[in-house]
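Below is one structure, written out as structure tokens; the observations come after it.
Bear in mind these aren't lab numbers, they're just calculated from the coordinates by the rules spelled out. Small disclaimer: the values here were computed from a predicted structure and weren't measured. As a convention, Cβ positions derive from the backbone with ideal geometry for all residues, glycine included, and neighbour counts pool all protein chains shown.
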Amino acid sequence: MSLAHVDVLFFEVCGTVVDWQSTITSELKSTMKGAPHEDAKVQAQLLNHDWNAFARRWHDERRTQLEANPQLDTDQVSRSILESLIESTPHLSEAWRDDFVLTNLSFIWHQLHPYPDSHSGLLELRRQFKVGTLTREGRGGMALNVNLAKYADLSWDFVLATDVLNEGEGDQYLVRAMEVLGIDDPKGQGARRAALVSSRLSILEGAKRRGMSTVFVRRETGDPLPEKEGRPAYVDVVVDGLEELAQVAGGLPMA
């Protein structure tokens, strides 16, 4: 499907533009070295802990809570889940008792590294579209996205999140975002002028219900496409990164 009719690209950021898995796993390992357990034997065990799994649990529980209740504060949720995971990991609470350590770790959600293709891909996409964020991060989501943009050098034309749109329930935030960007008749043909870009199929399914075009970006931490059925009907374009999306949008052949 061509994106020739699209004027605006809305991006889900976490897991599509920035790589939460590798950033958080790396930070957890670094913190374990910088704030070690006083017992050398226990420290050796903690260094070999499955920090990838720890990061996934933190991410998944955080996303579940924030999407279920958009009134929750994103930073408070991040901190609360982190504390719970620390308590459930043998001996970890004995090492990470300092509030400074927990505060720094919790702030990592504001400093996620971009995927290698994100910076160049966004720069190219900005030549053809208005590009910006559209995320469900609870209260404080707008500030988080601004911090991510500054830290990862993301070239957005606009930054939107459900806390400033005052719409967090269901798919209504998509309609509100299109209205803010001046896309007329969001329930009719006007919505075709907007596309949502995400590595999550459920998000794209909701966008298609609202008449938007949809772009699925394959990422290691994203949803897999169904093996037997292939691309779902609600997905218009499938790419392996933002540079490839820029090629597709520009009508260029894929390498």
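Brief remarks follow.
- Where the Cα pairs of region 124-172 fall when distances are cut into 5 Å bins, in %: 5, 22, 27, 21, 15, 9, 1
- Normalised by the number of residues in region 1-138, the mean separation of alpha-carbon contacts (under 8 Å, six or more apart) gives a relative contact order of 46 percent.
- Axis angle, to the nearest 10 degrees, between helix 51-68 and the longest C-alpha principal axis of the chain: 50 degrees.
- When the chain is treated as a GNM with alpha-carbon contacts under 10 Å, the residue of 215, 239, 42 showing the greatest mean-square fluctuation is 42.
- Sequence of 108, 24 once ranked by neighbouring C-beta atoms within 10 Å, starting from the fewest: 108, 24
- Here the average projected area of the convex hull drawn through the C-alpha atoms of region 20-110 stands at 5.4 nm².
- Length-normalised contact order for region 70-199 - Cα pairs under 8 Å, 6+ apart - percent: 23
- Sparse-neighbour loop sites [trypsin sites (Lys or Arg not before Pro); region 99-152; at most 10 other C-beta within 10 Å; DSSP]: 127
- Entry note, the chain: relative contact order of 24 percent, from Cα contacts under 8 Å with a spacing of 6+ residues.
- The chain: most fluctuating residue of 195, 53, 152 per GNM, C-alpha cutoff 10 Å: 53
- In the chain, the sites counted are GluC sites (Glu not before Pro) in DSSP loop states with at most 15 other Cβ atoms within 10 Å, and the longest stretch holding none of them, exclusive of the sites, is 39-168.
- With contributions of -39500 (n - 2.57) from each DSSP H run of at least four residues, the per-residue ellipticity at 222 nm computed over the chain stands at -13500 deg cm²/dmol.
- Per-q log10 I(q)/I(0), the chain, q = 0.11, 0.13, 0.14 Å⁻¹ (Debye; single scatterer per alpha-carbon; no solvent): -0.61, -0.82, -0.93
- Here is the P(r) of region 77-149: all C-alpha pair distances, binned every 5 Å from 0, give 3, 13, 18, 18, 15, 12, 9, 7, 4, 2, 0 in whole percents.
- Phi to ³J(HN,Hα) by Karplus 6.51 cos²θ - 1.76 cosθ + 1.60 over region 70-76, Hz, x for Gly, Pro: x, 7, 5, 7, 4, 6, 5
- Sorted ascending by nearby beta carbons within 10 Å, beginning with the fewest, 151, 173 become 151, 173.
- For 63, 209, order by how many other beta-carbon atoms lie within 10 Å, fewest first: 209, 63
- Greater than 28 Å apart at Cα, pairs in 29/228; 29/150; 130/150; 130/228: 29/228; 130/228
- Radius, Kirkwood style, for region 79-200 when every pair of distinct Cα atoms is counted (Å): 16.8
- Highest GNM mean-square fluctuation among 132, 141, 34, for the chain modelled with Cα contacts below 10 Å: 34.
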